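Asks: Below you will find the structure I want to go over with you.
All of the numbers you see were taken from the coordinates with simple rules; none came from a lab. On a predicted model such as this, the values are computed, not experimentally measured, just so you know. Positions of Cβ are generated from backbone atoms using ideal geometry, with glycine treated the same way; all protein chains shown enter the neighbour counts.
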Amino acid sequence: MKAPELPPANAKRSSAETFVDVTARLSMVMAALAILWSLIQLVLVLALGRLDMAGALQDQGLPLPEAFQWFGRHALSLTALMLVVSVALLAVSWAMFKRREWGRLGFIVFLVLVALLNFASLPLIHSVFDSMRSMFPAEFLQSAEGRELRVQLNSGFWMSLFSAAITAVAFAALHGWLVIRLQRPDVRALFR
């Protein structure tokens with residue numbers, strides 16, 4: 001009886017195999033770190049939820065904008081959602097590493113959604129800076145210190161918007177390249 005032939009020990013891997021392995025491993029590491037961060041954040045949300053930080057700020061005379069109040073009311077749900085999404089990314093990345101077709105397709109969906117969410121979050125920057133402005137009384141904003149604060153907030157807004165837009169474009173380009181690469185015939189042939 002003839003033994004099955006094994007590939008030579010020094011068989012060179014294709015660039016498609018290397019690309020899939022590296023991409024899947026990096027994604028698994030990022031997903032594991034996101035899971036760890038989500039768990040830490042979950043503990044903090046549960047601990048801080050008992051402290052009523054919003055009430056403490058309002059007791060100090062600081063008006064809390066509605067956007068911050070909304071995030072405070074939904075902190076637990078948002079953290080749980082982040083945890084679920086991170087676990088899903090880990091599962092998709094593992095499936096891609098194991099050459100499952102649903103892992104490749106799921107990973108492509110993640111890439112497209114993250115690129116779109118980066119652009120969708122740009123208008124939120126304006127809301128955040130408007131909320132910060134609304135925390136200060138109108139009389140203060142008309143004073144010399146208030147005018148200086150408004151200038152700082154305006155420059156902070158434009159810097160934040162510019163850097164977030166550049167980041168969104170860079171991630172869209174990277175994710176687009178990854179999607180195109182994951183659609184190539186040599187890569188698709190690796191999956192079952």
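Asks: Suppose we look only past 22 Å in the calculated P(r) of the chain. What percent of the Cα-Cα pairs does that tail hold?
Replies: Above the 22 Å cut-off, the chain has 65 percent of its Cα pairs.
Asks: Let me ask something else. Note down the Stokes-Einstein diffusion coefficient of the range 64-112 in µm²/s, whole number, using a Kirkwood radius over alpha carbon pairs, 4 °C, and 1.567 mPa s.
Replies: 105 µm²/s
Asks: Also, quick follow-up: So, R0 is 45 Å and r is the distance between the beta-carbons of Leu76 and Ser160; what FRET efficiency does that work out to, to 0.05?
Replies: Efficiency at R0 = 45 Å is approximately 0.95.
Asks: Which peptide among 152-164, 94-106 comes first, and what is the full order, when sorted by highest mean count of other Cβ atoms within 10 Å?
Replies: Sorting 152-164, 94-106 by mean packing, highest first, produces 94-106, 152-164.
Asks: With θ taken as phi - 60° and the coefficients 6.51, -1.76 and 1.60, list the Karplus ³J(HN,Hα) couplings across the range 20-35 in order, rounded to whole Hz; mark glycine and proline as x.
Replies: Result, ordered by residue: 5, 4, 5, 4, 5, 5, 4, 5, 5, 5, 5, 5, 5, 5, 5, 5 Hz.
Asks: Say R0 is 35 Å: what FRET efficiency, to the nearest 0.05, do Val169 and Glu139 get from their beta-carbon distance?
Replies: 0.30
Asks: Right, another one. In degrees, nearest 10, range 0 to 90: what is the angle between the Cα axis of helix 144-182 and the longest Cα principal axis of the chain?
Replies: The angle comes out at about 10 degrees.
Asks: Next question. When the dipole is taken about the Cα centre of the chain, and only Lys, Arg (+1) and Asp, Glu (-1) are charged at their Cβ, what size is it in debye, to the nearest 20?
Replies: Here the size comes out at about 1200 debye.
Asks: So between Ser127 and Asp186, what do we pick up on full extension, going 0.36 nm a residue minus the alpha carbon distance?
Replies: Working: separation 59, 0.36 × 59 = 21.24 nm, distance 4.51 nm.
Taking Ser127 through Asp186 to full extension adds about 16.7 nm, to one decimal.
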